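Read-outs: derived from the displayed coordinates by stated rules, not from any lab. Computed from a prediction, not measured in an experiment: that's the story for all the values here. Heads up, the Cβs are rebuilt from the backbone with ideal geometry, glycines too, and the neighbour counts pull from every protein chain shown.
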């Protein structure tokens, strides 16, 4: 006679450096435990972000297995599953939020379906969009072929071509499936006792597919259960543009094929997958370059054609254009105008006209300076440069106005840059969150309160839910109802200074603390790299003189070339803060840190200076720090 389980459900969470996500996940788990007999087991894979301290302070009732090294996803889950005492075992990612009724509903379903070995639920991302990995089919050779070569995307509802995400099964339809998602993987303990735990041969990805398949081979069924929903911030769909993801994910598929498919089927699968790895990697890189360079290339073409057309004015006046100008100078002029616009944020969205005006002025000045130092034989006409600048500026203004009125959306101009917030909370929480926003955002347009019982979609685009005044079930439902490309959702935990959400369906879940993401914005990443390259180039040219100002001359030269190669940056955090403070956006190791300006040995002051640097980043600030601390450029960093 089988031994009776001590608990109905064992929830296992593996954590690695996601303290605030874990905190929010456990808050939702606590609420869901009230309607079910649950034990919670946490495995930490040597986090250095304060996770263990947070667990000890806020959740001392939950046992924690604190590994001394990162043993990986499969091994860590297995550690907890071996000691789990629940009738059912749930593997839950720390970057998820469950509803209050999630545990009771899934347990009831499993009780009513004794042949159910595993179960997955309806998952949404941080924008409220359904995650297709909520229900998946077995990646057999032809299924993988249809997915890899885009047929599943062309025919998303086809039973034949869309087997990987089971497109023929409705989002709200309970049904048998093949593969469960590792983000929320509920399994019957007796099934695990029969088929075994996660296969630790998988480095990352694929272990959920492998175990799901073994559950089926053990005579059990897997189900997709949409009667409850969870948020999964870092959904699989957020990583697909990553080349590393392509290699790791599809290599996991090869391991799966070798293990479970025999003979020709395994060979065919391996050939398909290995071909796909390099094809998808190439497409990922090509797609990224194409997206980044499409508009600059179009602009370069139009500006160049316009400059060639301008030469007709001189020809009509019987002034002969030098062949070198037509062949080389015109494309170079166009390239300088477009490149300057690119580095000045002209291709960030929403676009701003003043950036194009500023870019054209800077580029024209650069061209004129370069023109002035050219030999007389290569100097033709400053008037042509000014005419070309006027044409380029005119083109930018007309083309952007056309995109503004014809397409709108991200091409929309005349935006103030100010942000508007709607806070779904009662009075006390509204005041707390409003105060937090007011202290940390300098460009707020308005902050409105939305009553917690209000079902109408707020008109403001950034919607913050108070976790104290709203149940997680209500938050999830409203995110599903209000999902829109024009709205961002965040959740404010009951305490602390964090907001958790995702600003885009194309990005992973993001942690918003004190508006520190300023440094990691696309524009500032580009500006920081431009500052590094320009400063390194200038300092390298100055070496014949500057070399005598440094004691460690070889290290000084080495550091400059390390910056030029992109291995380090001039201004960054100290090694300690960069590795341990997850609030700070990730940047390369810096030769100089903000704290060196005042030579601070106080850890608290260094921490605040790093936070201020991340929040208020500008190229001017980098220049100021470099100017004050340049003597430290001969200190080795890598």
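Averaging 1/r over every pair of different alpha carbons in region 113-181 and inverting the result gives a Kirkwood radius of 12.6 Å. A full extension of the chain between residue 558 and residue 431 corresponds to an added length of 40.5 nm, given 0.36 nm per residue minus the alpha carbon distance.
Subtracting the Cα-Cα distance of residue 409 and residue 227 from their residue separation scaled by 0.36 nm leaves 62.1 nm.
Where in region 60-102 does the amide nitrogen come within less than 20 Å of the point 7 Å from the Cα of residue 34, taken along Cα to Cβ? Label zone hits: 60-62, 97-102. What fraction, in whole percent, of alpha-carbon pairs in region 1-158 exceed 19 Å separation? Everything past 19 Å amounts to 62 percent. Working value for region 88-232: equivalent-ellipsoid semi-axes of 22, 19, 15 Å, each the square root of 5 times a Cα gyration tensor eigenvalue, largest first. A simple packing score, the average count of other Cβ atoms within 10 Å per residue, orders the peptides 584-593, 50-59 as 584-593, 50-59, with the highest score first. Any chance you could tell me what percent of the C-alpha pair distances in region 57-120 go past 20 Å? Tail of P(r) above 20 Å: 43 percent of Cα pairs.
Taking the three principal axes of the alpha carbon atoms in region 290-398, the coordinate ranges are 44, 27, 23 Å, sorted in descending order. Summarising the strand pairing of region 105-227, around 60 percent of its internal DSSP beta bridges are antiparallel.
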